[in-house]
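The values are calculated or read from the model by the stated rules, or taken from the named source; none is laboratory data. Just so you know, these numbers come straight off a predicted model, no measurement behind them. So basically every Cβ, Gly included, is an ideal-geometry build from the backbone, and we count neighbours across all protein chains shown.
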Amino acid sequence: MNILLTAINAKYIHSNLAVHSLRSFTPEKYQSSVEIAEYTINHRSEWILQELYKKNPDVLCFSCYIWNFDYVREIAAEYHKLRPEVPIWVGGPEVSYEVEQLFAENPAFFGVIIGEGEAAFARLAEYYHSRSIRPEGLLERQSTRPEGLPEFQSTRPEGLLATQSARPEGLLEIPGIAYRGGKAGEVVQTASQEALDFSSVPFRYGDKEMEGFANRIIYYETSRGCPFSCSYCLSSVDKRLRFRDLDLVKQELLFFIRQEVLQVKLVDRTFNCNHAHAMEIWRFIKEQDRGITNFHFEIAADLLTEEELSLLGTLRPGLVQLEIGVQSTNPRTIAEIHRVMQLDQVARAVKRLQEAGNIHLHLDLIAGLPYEGYERFGESFREVYSWKPNQLQLGFLKVLKGSLMYKNRAEYGLVYRDHPPYEVMRTNWISYGEILRVKLVEEMLEVYYNSGQFEVTMKLLDVVYEDSFGFFLALGQFYERRGCLGMSHSRIRRSELLLEFAAEDGRIAKELLEESLLYDLYYRENMKSRPRWARDPAEFAKVTRAYCKKGAHSHVEPFFYQFPKKEERTLTKLPKRLSRPVYVLFEYDKRDALDHQARTTELEITGEERER
């Protein structure tokens, strides 16, 4: 018996928590027959199909999300043509709602696990094993093919597994699933399953499993469910908030720390909704920290207490990063989406965390929410951007089946894409043309702000462009006119385009912008090629020889402007040109723990050292 759990991730660096959790919860006597196969959406669907065919599963399962569902549907349909006798099961948030429509639109699917999947999958594994029992005992998975069999021919005995047209016996007793019945078009949905004791789910990582996670993000959860009711979010559907036993959590987090995992991303929907739980974990990772592992938490900033803020301020820089969903600053919108948030408390918490200077802050906004038109969204953007988080993610409303937003789609005039990710195109408050303008802002925000590659330059531009939303829009429209959108540009080319945009606009001196861009280029890496406006390195070769003792790990560059330090998030005026250059040493083996730029030092250079 071979049950194959298939994950198609968004990127190679990601891992799939769901399939590993399902396998870990499967009874030990069946685990050896449950195999995991992980791919990414960057693989060709044809190649994934070929790989799945070669694995010759008896039961094929897919973990479904908005980013991979089109791939799953396509691959499942083609696989079903080749192996119609293999039951195909799907699970995950993308398939847990409107199951009759799901089956009607996807003839290849035989069954779906609805919602929390561990218990249901374990019962399914037992069910399929029971159907593979023969008089001589349980059919073991064949590791080699009998001589004479054509390559990839199934080795199953005739009738071992029921075809998808036959109604299986025993499935009706498994809570939390739906499957095709014996009659054409019939869908059988079983009783809802009870919520698991979350502490009963085994730890899905171990020494052997970690071999496959080198240089990948590890996903982990200490709680399930969410106490809030945000109408755009499927997490709000599950009100059964459950916490994993803290002793287990500590053992498991310590395992990651000892394994020197680079990043553990906790997927708890609101990690700090329980003060004692959050404090205990933050204290623990502080005590056990070895200076390598980073922990990512999604939190509600307005819930942060003085005790929590004080503790967070004492953590090693880079130990923790926090993601904060603001979504909108419009009180009418916040009330309409059933979100509980005190904006003034969010702003206060963000400021306190920034003053500590040790935590990477990632803030979120969503365009297309009810009662927020184009102009009002611009206000939300300007306000949150003015807080200067390390990253500001501008997303677009996704109308997800099962969410309250989906139920109210007609009332809000939501027009959205029929295919994943179901992104909004128009609402009663914002037109498609305006959405496209916001998308220009989003693309430029990603390139010039969120990338962290233009940190100094963006601080200077903020001085001359007081309207941040208008600046990113104008820059995006400039890209559009030049035919540069949707293209992969080098960092030097991005710098050149910014220079060309600024030259058209005329608000900032060309020399100042050239120098800040040169600073930013070397801030990030020791450039192999220099931009056309940079000075000839021979002019300061003696300084380079004197101070660059680390080879490629350091660089010296002269500047006629003194640029803001990292802790200066905003400027009130532009720097003035100096009469003599300031020499800056960039050290790439001593990077900033939050944004990974080189450490910089302004050098005291004598006249003799400046001579060639």
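Which of the residues that make up region 84-121 are charged (D, E, K, R) and outside any loop (DSSP other than H, G, I, E, B)?
Residues of region 84-121 that are charged (D, E, K, R), as a first pass: 85, 94, 98, 100, 105, 116, 118.
Selection gives E100, E105, E118.
Tell me yes or no: at least one residue of region 216-237 is surrounded by fewer than 20 Cβ atoms within 10 Å (Cβ to Cβ) and over 30 Å from Y97 (Cα atoms).
yes
Any residue in region 519-534 that is under 17 Å from C548 (Cα atoms) sitting within a Cβ distance under 6 Å of a residue that is loosely packed, with under 15 Cβ neighbours inside 10 Å and among the small types (G, A, S)? List the pairs, counting only those 6 or more apart or interchain.
Within 6 Å, the pairs are N526/A552.
Give me a count of the residues in region 326-358 that are surrounded by 20 or more Cβ atoms within 10 Å (Cβ to Cβ) and touching a Leu at 6+ places or on another chain (Cβ under 7 Å).
Result for region 326-358: 9.
Here's the yes/no breakdown for (1) under 30 Å from L397 (Cβ atoms); (2) part of a helix (DSSP H, G or I):
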{"position": "F203", "(1), (2)": "no, no"}
{"position": "C226", "(1), (2)": "yes, no"}
{"position": "Q251", "(1), (2)": "no, yes"}
{"position": "E260", "(1), (2)": "no, no"}
{"position": "K265", "(1), (2)": "yes, no"}
{"position": "E287", "(1), (2)": "no, yes"}
{"position": "E307", "(1), (2)": "no, yes"}
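Tally the residues that are in contact with a Lys or Arg (Cβ under 8 Å, 6 or more places away or on another chain) and under 25 Å from A122 (Cβ atoms), restricting the search to region 61-93.
1
Working carefully through the options E298, E280, E252, find the one that is modelled with pLDDT of 95 or more, within 25 Å of K401 (Cβ to Cβ), touching a Lys or Arg at 6+ places or on another chain (Cβ under 9 Å) and assigned by TED's automatic domain parsing to the domain that holds E336.
Answer to the check: E298.
Pick from E94, E116, E100, E74: which is surrounded by fewer than 20 Cβ atoms within 10 Å (Cβ to Cβ) and modelled with pLDDT under 95?
Just one listed residue meets the conditions, E100.
Has region 123-136 got at least one residue that is closer than 21 Å to E38 by Cβ, surrounded by 17 or more Cβ atoms within 10 Å (Cβ to Cβ), in contact with a helix residue (DSSP H, G or I) (Cβ under 7 Å, 6 or more places away or on another chain) and not assigned by TED's automatic domain parsing to the domain that holds G225?
Checked region 123-136: at least one residue is closer than 21 Å to E38 by Cβ, surrounded by 17 or more Cβ atoms within 10 Å (Cβ to Cβ), in contact with a helix residue (DSSP H, G or I) (Cβ under 7 Å, 6 or more places away or on another chain) and not assigned by TED's automatic domain parsing to the domain that holds G225.
Of all residues in region 575-604 being among the small types (G, A, S) and touching a residue at least 24 places away in the same chain (Cβ under 8 Å), which is nearest to G291 (Cα to Cα)?
As a first pass, look at region 575-604 and keep what is among the small types (G, A, S): 579, 593, 598.
Still in the list and also touching a residue at least 24 places away in the same chain (Cβ under 8 Å): 593, 598.
Working: A593: 10, A598: 18 Å.
Step by step, filter region 575-604, then rank; the result is A593.
With the requirement that a residue be of a type in the set (A, V, I, L, M, F, W, C) and either surrounded by 14 or more Cβ atoms within 10 Å (Cβ to Cβ) or within 19 Å of D592 (Cβ to Cβ) (or both), what does region 516-545 give you?
Going through region 516-545, the residues of a type in the set (A, V, I, L, M, F, W, C) turn out to be 517-518, 521, 527, 533-534, 538, 540-541, 543.
Result: L517, L518, L521, M527, W533, A534, F540, V543.
Among the residues of region 545-572 satisfying the criterion of being modelled with pLDDT under 95 and of a type in the set (D, E, K, R), which is farthest from P317 (Cα to Cα)?
Only one residue tops the list, namely R545.
Identify the residue in region 550-590 that is touching a His at 6+ places or on another chain (Cβ under 6 Å) and more than 23 Å from E511 (Cβ to Cβ) and, among all such residues, is surrounded by the fewest Cβ atoms within 10 Å (Cβ to Cβ).
Among them, the one singled out is D589.
Scanning region 424-436 for residues that are touching a residue at least 12 places away in the same chain (Cβ under 8 Å) and surrounded by fewer than 18 Cβ atoms within 10 Å (Cβ to Cβ), which turns out farthest from T333 (Cα to Cα)? Reasoning before the result, please.
So in region 424-436, the residues touching a residue at least 12 places away in the same chain (Cβ under 8 Å) come out as 424, 426-432, 434-435.
Next, only the ones that are surrounded by fewer than 18 Cβ atoms within 10 Å (Cβ to Cβ) stay: 426, 428, 431-432.
Details: R426: 16, N428: 13, S431: 17, Y432: 19 Å.
Checked region 424-436; the qualifying residue farthest from T333 (Cα to Cα) is Y432.
Can you tell me which residue within region 174-190, out of those that are touching a helix residue (DSSP H, G or I) at 6+ places or on another chain (Cβ under 9 Å), surrounded by fewer than 19 Cβ atoms within 10 Å (Cβ to Cβ) and not β-branched (V, I, T), is farthest from A125 (Cα to Cα)?
If we take residues in region 174-190 being touching a helix residue (DSSP H, G or I) at 6+ places or on another chain (Cβ under 9 Å), surrounded by fewer than 19 Cβ atoms within 10 Å (Cβ to Cβ) and not β-branched (V, I, T), then G185 is farthest from A125 (Cα to Cα).
Would you be able to say whether some residue in region 413-422 is closer than 26 Å to Y71 by Cβ, in contact (Cβ under 8 Å) with a residue 12 or more places away in the chain and out of contact with any strand residue (DSSP E or B) (no Cβ under 8 Å at 6 or more places or on another chain)?
There is at least one residue in region 413-422 that is closer than 26 Å to Y71 by Cβ, in contact (Cβ under 8 Å) with a residue 12 or more places away in the chain and out of contact with any strand residue (DSSP E or B) (no Cβ under 8 Å at 6 or more places or on another chain).
If we keep just the residues of region 51-73 that are among the hydroxyl-bearing types (S, T, Y) and not in a loop (DSSP other than H, G, I, E, B), which is nearest to E38 (Cα to Cα)?
Within region 51-73, the subset among the hydroxyl-bearing types (S, T, Y) is 53, 63, 65, 71.
Of the ones still in play, those that are also not in a loop (DSSP other than H, G, I, E, B) are 53, 63, 71.
Details: Y53: 14, S63: 10, Y71: 13 Å.
Among residues in region 51-73 that are among the hydroxyl-bearing types (S, T, Y) and not in a loop (DSSP other than H, G, I, E, B), the one nearest to E38 (Cα to Cα) is S63.
Here are some conditions: (1) modelled with pLDDT of 95 or more; (2) hydroxyl-bearing (S, T, Y); (3) crowded, with 17+ Cβ neighbours inside 10 Å. Y374 meets all but one. Which one does it not meet?
Going through (1) modelled with pLDDT of 95 or more; (2) hydroxyl-bearing (S, T, Y); (3) crowded, with 17+ Cβ neighbours inside 10 Å one by one, Y374 breaks only (3).
Tally time: how many residues in region 362-376 are under 23 Å from the mean Cα position of the chain (by Cα) and on the phi < 0 side of the Ramachandran plot? Quick ask: steps written out before the conclusion?
First pass over region 362-376, keeping only residues under 23 Å from the mean Cα position of the chain (by Cα): 362-369.
From the residues that got through so far, the ones that are on the phi < 0 side of the Ramachandran plot too are 362-367, 369.
Summing the residues that are under 23 Å from the mean Cα position of the chain (by Cα) and on the phi < 0 side of the Ramachandran plot in region 362-376 gives 7.
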